[in-house]
Number of protein chains: 2
Amino acid sequence: MTTTVAISEELLALGRAARAASRALAKLHTDAKDRALRAIAEGLLTQQAEVLAANQKDMDAGRRNGLGEALLDRLMLNPARLEEMARGVEDIVRLPDPVGEEFDVRILPNGLRLGRRRVPLGVIGVIFESRPNVTIDIAALCLKSGNACILRGGSEAFHSTTALVGLIRAALATTGVTQDAVQSVASTDRALVTQMLQMKGSIDLLIPRGGAELVRFVAEHATMPAVTGGIGVCHTYVDRSADLDAAVRIVFNAKVQRPSVCNALDCVLVHSGAAPKLLPALADKLAEADVELRCDARALALLGPVGRRTRVTPATPDDWGKEFLALVLAVKVVDSQDEAQAHIERYGSGHTEAILTEDYSAAMRFVDEVDAAAVLVNASTRFNDGGQFGLGSEVAISTNKMHARGPMGLRELTSYKWVVLGNGHVRP
Amino acid sequence: MTTTVAISEELLALGRAARAASRALAKLHTDAKDRALRAIAEGLLTQQAEVLAANQKDMDAGRRNGLGEALLDRLMLNPARLEEMARGVEDIVRLPDPVGEEFDVRILPNGLRLGRRRVPLGVIGVIFESRPNVTIDIAALCLKSGNACILRGGSEAFHSTTALVGLIRAALATTGVTQDAVQSVASTDRALVTQMLQMKGSIDLLIPRGGAELVRFVAEHATMPAVTGGIGVCHTYVDRSADLDAAVRIVFNAKVQRPSVCNALDCVLVHSGAAPKLLPALADKLAEADVELRCDARALALLGPVGRRTRVTPATPDDWGKEFLALVLAVKVVDSQDEAQAHIERYGSGHTEAILTEDYSAAMRFVDEVDAAAVLVNASTRFNDGGQFGLGSEVAISTNKMHARGPMGLRELTSYKWVVLGNGHVRP
């Protein structure tokens, strides 16, 4: 059912070079990969001029094209940000290399020595939007895990991405690692995204890093396995038995600490037994951060007439199941854990779901029954993160069930092969 | 790039029922699942009449339609075969349940209790060809791993599959497990296969069980993750240092022990230093099983003029990279391990590759560098098998790198979720 589009010769050449590079990378030991990573970090500290000049071009173009201040800020590079990127690379040097790790190793009853050995996936394609730091982050994670990568950054960051990839490739050259380990698509033509998604034989895994529209487009059109991640419609159910002070703190943290990311809270479901005390306290606390509350009728009734609290408004049907990525929170009163879980099942995106409760059975039931990449008890949804989980940096937070689910760090960028050492063994 | 086909209302209804069943199955404990499996095994022993009558219809139709004897034998059920299927189900009862297993469990420095808990994938779609025993095998593996399944058997086995699914569902009903855990597509219309491949929202994993044509069709057209498995172009490289007696035994076993399956040997690559002694001995041994050897020019020269050995013929270019599934073996003389590995890289299907050698460095190099689901040293390719690897029964031998690679047993039919237990934790 797939109508193929023609893939440009340039992309096919990138694919061939990446495949060859992936074979070389798969054989590199950790020492060699870490040397290359340190050279990249060094480059970020000592060769800033070219990258900053390229970034200036992107910033100028962005201003001319009327990019908003938030987007311009995401796009902007300066020496401090390059230093931060260098520190990020150094952090990846310190992470353990998953490649070569063996697991399920045993000697079978017939004497065969058997185990699974982690190997790189091969070639990772990454399509990302404006933040140029993603270039360094993804390239470093792919390199450490022995994967070649083909990067396609957003058009707003085209010059920055190109300069950063140039810096990476120059660093690789000084350490004898093939430059084709990291390549970028040298065009802002959007048609190339569609073509990349057809490169099944050349790209083993496609990772979209960007907004919901990009992620959905990739999920719909990619012919190779693709990560679905970064879309988090996250709920927190405040049970009747919840510690109310803790609940206010946790909900505030989950909503306010970084509202623009996928694990930020979108909807709080409050048990009707807890709502009369909790909701006014929660509304007062969230008002400190100017959070807008979109409330169902029962929550509204408990918070007093509309207009008394300036940021309290009635919810519309669209507010359920919405990822706000802003200081907006949907609020609903429920009569039971059943009702809360049914709401989560209907509206959640399978990303991050939490219960706040002092009731042991309620907590166990929530953890057992709610189907999401991460389920939390008495903690902020913001914890669903590779760094917080101790995986180091992450390439994505996957909501797929196949392969990796939740934060994808280095190990999640690997496959494995079965290694069988015999001694003349034949099958009876 | 996807043109959707209309999905029939019947299939959509199967999908909805399977999704609902998968939610119920995910909550079942091992005891409940094992009770249901034992009821299925019991049914296979005590309610054979209906299944055998249905199978007779398929056999009669098969004879009318001129099915070959081999296919008729694969299709045929009798009391002994039903008993064997019952024993297979009992074996699955004894396998450990992967669901609920927790791994990477730890208490983080901030006191959060973190772990990954295995959960079922959800709904497994299986498209298989004529062997009706696959119905029981797959249904039992899906049930044990907490997955609902939608089965689509081959049209030749339609009545047998329908009767077996009826038997399963009757058994489930006696144990209180939802019957919709196991459903089959009640039509032999081939268009339904294409429709099934479009049911991305309803089917979480598609497993094709059948010939290369089916596997390739599924890989090309499935909109959901699909296993690519069962296509094994398997090589064995006989190094100069190989123990020649062991090499003859291992190659014979790999080719002859069960030639119709994916891990059977297709091509032997013999080092020129070993070929003069090995090839005549190997040809004599393989002649015992009437194996046809398709030889390159150097192998032919060593085996004497064509016609001296009746089953020795010149290889054609098509014989390299071919999965014979029969008593045919391609034979090539190479001058180095480099040449052997280059041949494997070009022609292998990433399934099973072996080296026979007494040279430690050659063995280590082969294991490190050859990219396949299983790499073996001094053992028959026939060992790449879930049962042989101690995984119990398998649903497929995957050549994908994403998710599971190699034999897919129960654990490979699961995903995981992150479980985070806090105590008022907020992210700093």
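Throughout, read-outs are computed from the coordinates displayed, never taken from laboratory work. Computed from a predicted model, the values in this text were never measured in an experiment. Every residue, glycine as well, gets a Cβ built from its backbone with ideal geometry; the counts of neighbours run over all protein chains shown.
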Open item on the list: Could you give each residue of segment A:153-170 its phi-based ³J(HN,Hα) in whole Hz, using Karplus coefficients 6.51, -1.76, 1.60 with θ = phi - 60°, and x for Gly or Pro?
Closed with: x, x, 5, 5, 9, 4, 5, 5, 4, 4, 5, 5, 5, x, 4, 4, 5, 5
Open item on the list: Binning at 5 angstrom from zero up to the longest distance, how are the C-alpha pair distances of segment B:254-327 distributed in percent?
Closed with: 3, 16, 27, 27, 21, 6, 0
Task: Cβ-placed point charges (K, R +1; D, E -1), dipole of segment A:85-220 about Cα centre in debye, nearest 20 - done: 300 debye
Open item on the list: Under 5 Å between amide hydrogens, which residues at least 5 positions from residue A:330 or on another chain qualify, with H placed 1.01 Å from N in the peptide plane?
Closed with: A:267, A:268, A:294
TODO: Sort all Cα-Cα distances of segment A:1-68 into consecutive 10 angstrom bins from zero, then give the percent of pairs in each bin up to the one containing the longest distance.
DONE: 15, 20, 30, 27, 8, 0
- [ ] Please work out the FRET efficiency for the pair residue A:364 and residue A:288, using the Cβ-Cβ distance as r and a Förster radius of 25 Å; give the result to the nearest 0.05.
- [x] 0.15
TODO: Would you tell me the mean number of C-beta atoms belonging to other protein chains that fall within 10 Å of each C-beta in A:401-411, as a whole number?
DONE: 4
Task: Other-copy label distances relative to residue A:186, 7 angstrom Cα-Cβ extension, nm - done: 6.1
- [ ] Find the Rg to Rh ratio for segment B:173-293, where Rh is the Kirkwood radius over alpha-carbon pairs and Rg uses the same atoms.
- [x] 1.21
Open item on the list: I want to verify the translational diffusion coefficient of segment B:168-232 in µm²/s; compute it with Stokes-Einstein, Rh as the Kirkwood radius over Cα pairs, at 25 °C and 0.890 mPa s.
Closed with: 183 µm²/s
- [ ] Within 10 Å of each residue's Cβ, count the other Cβ atoms and sort A:228, A:316 from fewest upward.
- [x] A:316, A:228
- [ ] Convert each backbone phi in segment A:383-395 into a coupling constant with the Karplus relation 6.51 cos²θ - 1.76 cosθ + 1.60 (shift: θ = phi - 60°), then list the ³J(HN,Hα) values in order as whole Hz, x for Gly and Pro.
- [x] 6, 6, 6, x, x, 5, 7, x, 8, x, 5, 10, 8
Task: Peptide B:243-256 - average C-beta neighbours from other chains (10 Å radius) - done: 2
TODO: Would you mind listing the distances between the residue A:70 label point and the same position in each other copy? Use 7 Å along Cα-to-C-beta, nm, one decimal, shortest first.
DONE: 6.3
TODO: Divide the volume of the convex hull of the Cα atoms of segment B:124-173 by its number of residues and quote the answer in cubic angstrom per residue.
DONE: 60 Å³
Task: Among A:240, A:298, A:106: highest mean-square fluctuation, GNM of chain A, C-alpha pairs under 10 Å - done: A:106
Task: Kirkwood Rh and Cα Rg combined as Rg over Rh, evaluated for the protein assembly as shown - done: 1.00
Open item on the list: Under 8 Å for C-alpha pairs, at least 6 residues apart: give me the relative contact order for segment B:234-387, rounded to a whole percent.
Closed with: 33 percent
TODO: Report, in whole Å, the centroid distance computed from the Cα atoms of segment A:144-176 and segment A:289-349.
DONE: 43 Å
Open item on the list: To the nearest 20 Debye, how big is the dipole of the protein assembly as shown about its Cα centre, given +1 on the beta carbon of each Lys and Arg and -1 on that of each Asp and Glu?
Closed with: 120 debye
- [ ] Step through the table entries A:332/B:27; A:57/B:401; B:144/B:200, compare each Cα-Cα distance with 31 Å, and write down the pairs that go over it.
- [x] A:57/B:401
Task: Net charge dipole size for segment A:37-115 [Lys, Arg +1 and Asp, Glu -1 on Cβ; Debye, nearest 20] - done: 120 debye
- [ ] Name the aspartates and glutamates eligible as straight-distance cross-link partners of residue A:277: C-alpha to C-alpha under 17 Å, and not fewer than 8 places from it in the same chain.
- [x] A:239, A:243, A:245, A:296, A:335, A:358
Task: Cβ-isolated cysteines (cut-off 4.7 Å), chain B - done: B:234, B:262, B:267, B:295
Task: Kirkwood Rh (inverse of mean 1/r, distinct Cα pairs), chain A, angstrom - done: 23.5 Å
Task: Per residue Cα convex hull volume in Å³ - calculated over segment B:217-366 - done: 112 Å³
Open item on the list: Charges on Cβ only, +1 for Lys and Arg, -1 for Asp and Glu, centred on the Cα centroid of segment B:50-146; of B:93, B:120, B:107, which one is farthest towards the dipole's positive end?
Closed with: B:107
- [ ] Would you please give the residues with an amide H less than 5 Å from that of residue A:416, counting only those at least 5 places away or on a separate chain, with H modeled from the backbone geometry?
- [x] A:119
Open item on the list: Calculate the FRET efficiency for residue A:38 and residue B:187 from the Cβ-Cβ distance with a Förster distance of 60 Å, rounded to the nearest 0.05.
Closed with: 0.45
Open item on the list: Just want the answer: with Cβ charges of +1 for Lys and Arg and -1 for Asp and Glu, which residue in B:354, B:377, B:8 is farthest toward the dipole's positive end in chain B?
Closed with: B:8
Task: Residue of chain A whose Cβ sits closest to the axis mapping A onto B, with distance in whole Å - done: A:403, 2
Open item on the list: Through the Karplus equation 6.51 cos²θ - 1.76 cosθ + 1.60, θ set to phi - 60°, convert the phi angles of segment B:116-124 into ³J(HN,Hα) values in whole Hz; use x for Gly and Pro.
Closed with: 10, 10, 5, 10, x, 6, x, 10, 9
Task: Percent RCO, i.e. relative contact order, over chain B, from Cα pairs under 8 Å lying at least 6 residues apart - done: 18 percent
Open item on the list: Kirkwood Rh and Cα-based Rg: tell me the resulting Rg over Rh for segment B:325-382, rounded to two decimals.
Closed with: 0.94
Open item on the list: Using amide H atoms built in the peptide plane, which far-off residues or other-chain residues are under 5 Å from residue A:101 H to H?
Closed with: A:118
Open item on the list: Restricting to Cα atoms and excluding each atom paired with itself, what does the Kirkwood estimate give for segment B:252-291 in Å?
Closed with: 10.9 Å
TODO: Normalise the Debye intensity by I(0) for segment A:336-428, one equal point scatterer per Cα, no solvent, then take log10 at q = 0.15, 0.17, 0.18 Å⁻¹ and round to two decimals.
DONE: -0.67, -0.79, -0.85
TODO: Quantify how much of the Cα-Cα distance distribution of segment A:362-410 extends past 11 Å, in percent.
DONE: 69 percent
Open item on the list: Inside 10 Å of the C-beta atoms of B:350-363, what's the mean count of C-beta atoms belonging to other chains?
Closed with: 1
Open item on the list: Helix B:337-347 against the longest principal axis of chain B: what's the angle in degrees, Cα atoms only, rounded to the nearest 10?
Closed with: 50 degrees
Task: Helix-only CD estimate at 222 nm, as mean residue ellipticity for chain A, using -39500 (n - 2.57) per DSSP H run (n ≥ 4) - done: -13000 deg cm²/dmol
Task: Inter-copy spacing of residue A:289 label points, which lie 7 Å from Cα along Cα→Cβ, given in nm from shortest upward - done: 6.7
